């Protein structure tokens, strides 16, 4: 028997878990809603509401999963290095010089 006979049979790609789907949706909401530019208090309030929404949308998530999502989301909202303002300032300074 050939070892290659099973080579053509590939497993179907696995479906993302509900936690993966919820995490991806959370990141999308963070980008669309501009949460990264909000104050810390506004971020906490927004995150609480959004995690509650995701808990309703993905009922299979456990309270532990929801807490993990909240922690991931808050870390995502607070990048270690915030270059957005520096880049905008640098671009604004270069525009008059280029003209």
Assuming 0.36 nm per residue, please report the length gained on full extension of the stretch residue 75 to residue 52 beyond their Cα-Cα distance.
6.5 nm
Per the 1/(1 + (r/R0)^6) rule, R0 = 22 Å and r from the Cβ atoms of residue 20 and residue 40, FRET efficiency to 0.05 is 0.20
Burial ranking of peptide ranges 48-56, 19-27 (average Cβ count within 10 Å, highest at the top)
19-27, 48-56
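Every number in this text was worked out from the coordinates using simple rules, so none of it is lab data. Here the structure is a predicted model, which is why all the values come from computation and not from measurement. In this analysis, Cβ positions are derived from the backbone assuming ideal geometry, glycine residues included, and neighbour counts consider all displayed protein chains.
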